[in-house]
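So the structure is just underneath, and the comments pick up after that.
The values are calculated or read from the model by the stated rules, or taken from the named source; none is laboratory data. Predicted, not measured: the structure shown is a model, and the values here were computed from it. Here the Cβ positions follow ideal geometry from the backbone for every residue, glycine too, while neighbour counts run over all protein chains shown. These area figures cover heavy atoms from the full protein model, side chains too; ligands, DNA and RNA do not enter into them. Shrake-Rupley method; radii C 1.70, N 1.55, O 1.52, S 1.80 Å.
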Amino acid sequence: TELGVERRFVPESCPRAVRPGDFVRYHYLGSFPDGTRFDSSYDRGSTFNVFVGRGQLIAGMDQALVGMCVNERRFVKIPPKLAYGSEGVPGVIPPNAVLHFDVLLIDLWNSEDEVQVQTYFKPEKCPRTVQVSDFVRYHYNGTFLDGTLFDSSHNRMRTYDTYVGIGWLIAGMDQGLLGMCVGEKRIITIPPFLAYGEDGDGKEIPGQASLVFDVVLLDLHNPKDGIAIENQLVPESCERRSQTGDFLRYHYNGTLLDGTLFDSSYSRNRTYDTYVGKGYVIAGMDEGLLGVCTGEKRRIIIPPHLGYGEEGRGKIPGSAVLVFDIHVVDFHNPSDSVSITVHYKPSNCTVLSKKGDYLKYHYNASLLDGTLLDSTHSLGKTYNIVLGSGQVVLGMDMGLQDMCVGERRTVVIPPHLGYGEDGVEGEVPGSAVLVFDIELLELVSGLPEGYMFVWNGEVSPNLFEEIDQNHDGEVLLEEFSEYIQTQVDTGKGKLAPGFDFEKIVKNMFTNQDRDGNGKVTAEEFKLKDQEAREEHDEL
């Protein structure tokens, strides 16, 4: 004769219980005491949806539902006076019938409900939160209030990308995403009147369903955003900053806003080399690389409209904000020449180096960022060259000009006057600016341009006869070499310094041997001033 309620299953967590005025969705099996079933929501494939305490249910069910939790299961016995009484329902419920209901509560909400937000993880740093008109990328699991999964971006392995607050989302999600930080995780519970309402979505979501979204925000930007620059390390000395048209070499780590690494020059063990401000890189990077110093480290945050846009590229998803942590190794301009800084010059600096001089010097060679490449000091010997003879890169030939013994200078050589785009494998990177700290230790004056040998005094009028020691009218290479050696040893003549003796003599002899038969005759033999119109390095 009285209402009977047996709680057969009560979930551990019950944040909310049914109160009069709430709207509920529940499944049920209706039967008589003998077990005969008279109705079932399961057979219809849809829950029973109704307000509680408004007279829309039989009185016993109105009472029995109060206090239930979502996912709770109750067995309810309802006497006739709280059911269909003495009249029953013709053809279905006989008069004065006791009714049994096995009830499972699926959903619960109230018309006064609002969107509920529960944040269960928030990053320590939150420089920016979601605002109206922002564009966001997020992952989610969408469930009903009873935990049934109806959708998941994780299963599709693709974020949900959308504007916030402009009607692209259901109203409750528009509200629930506001104020989120990148990396934040929250649960957003949305009543149906702020979701898909009475009709549902026509697919997975039934009418009047509360929705629960477990959301993690991966990305956030606004179409009005420009790039953002965070200076991490700026050298104390910055004599020059990059400008449009400069060529930069830099290392970088490229990540998404949530920290996911998509690329790194460090992993390839090679800098990224490019012109700046000429469209060789994405627009945001073109802008972010301007005004940097050699050795500077900065973070460049690039919105997608200045990055790879809606389509993305490779490991970069569409509409992704990009974060580049860069380290500038060096930069130069194609119009740059050699830069010379003199640190010390002796007071008696009268003899200056010139083309053809034989120089001995020490150097330390490094990159612009200070990385040491080579040093003669570590080898314990000087580097020896003939200036202007192509024995060193063009920039070094230029940098050693007009130097006196004892002078110390720093020579900065751009790559087009150094080792160019290719560099030296395993030693000098391609397109690298080189820095040489130089000290000139010895200078041997060279000969006039075009000469390999000069006389220190008057030239003998019988020169050919003196060389032709056996007086057979022909001079062989051995005779020629022996004669030149004697002139040098006795101080009567001087060879161009810094070159191999045998190579110089053979070159001089070949120039005199006009018919190429390995012998020089008196008719072939001529001095330099006798051949003003010929371009030979000879006597």
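The table that follows gives values for the structure above.
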{"quantity": "Relative contact order, percent, the stretch 453-530 [alpha-carbon distance under 8 Å, six or more residues apart]", "calculated": "34 percent"}
{"quantity": "Positive minus negative residues near Gly183 (Lys, Arg vs Asp, Glu; Cβ under 13 Å)", "calculated": "+2"}
{"quantity": "Karplus 3J(HN,Hα) series, Hz, for the stretch 363-373 with 6.51 cos²θ - 1.76 cosθ + 1.60 (x for Gly, Pro)", "calculated": "8, 10, 10, 9, 7, 5, 7, x, 5, 6, 9"}
{"quantity": "Carbon + sulfur, % of accessible area of the chain - ligands and nucleic acids excluded, 1.4 Å", "calculated": "48 percent"}
{"quantity": "Using alpha-carbon coordinates, inclination of helix 501-512 to the longest axis of the chain, degrees", "calculated": "70 degrees"}
{"quantity": "Restricting the stretch 143-239 to GluC sites (Glu not before Pro) in coil, as DSSP defines it, with at most 11 other Cβ within 10 Å", "calculated": "Glu198, Glu236, Glu239"}
{"quantity": "Arg299 accessible area, assembled protein chains, probe 1.4 Å, Å²", "calculated": "80 Å²"}
{"quantity": "Cβ-derived FRET efficiency at R0 56 Å, Asp199 paired with Glu6, nearest 0.05", "calculated": "0.95"}
{"quantity": "With DNA, RNA and ligands ignored, accessible area of Thr486 (1.4 Å probe; Å², nearest 10)", "calculated": "60 Å²"}
{"quantity": "Label zone at Asp34, where the point sits 7 Å out along the Cα-to-Cβ direction: the stretch 93-109 residues whose backbone N lies under 19 Å", "calculated": "93-101"}
{"quantity": "Leu372-Arg240 FRET efficiency (beta carbon distance; Förster radius 22 Å; 0.05 resolution)", "calculated": "0.55"}
{"quantity": "Helix axis angle, 477-489 relative to the chain longest principal axis, alpha carbon, degrees", "calculated": "90 degrees"}
{"quantity": "Computed [θ] at 222 nm, deg cm²/dmol, the chain (DSSP H ≥ 4; -39,500 (n - 2.57); rounded to nearest 500)", "calculated": "-3000 deg cm²/dmol"}
{"quantity": "Which labelled figure in [x] 189; [y] 240; [z] 147 is volume of the Cα convex hull per residue in Å³, once derived from the coordinates", "calculated": "[y]"}
{"quantity": "Å² per residue, accessible surface of the chain at 1.4 Å", "calculated": "52 Å²"}
{"quantity": "Inter-label distance for Cys126 and Glu502, nm, one decimal - labels placed 7 Å from Cα along Cα-to-Cβ", "calculated": "8.2 nm"}
{"quantity": "Under 9 Å, Cβ to Cβ, from Val444 - net charge with Lys/Arg +1 and Asp/Glu -1", "calculated": "-1"}
{"quantity": "From phi via Karplus (6.51, -1.76, 1.60), per-residue ³J(HN,Hα) for the stretch 156-165 in Hz, x at Gly/Pro", "calculated": "7, 6, 8, 5, 8, 10, 6, 7, 10, x"}
{"quantity": "Relative packing of 319-327, 506-514, 61-69, which averages over residues the other C-beta atoms within 10 Å, highest first", "calculated": "319-327, 61-69, 506-514"}
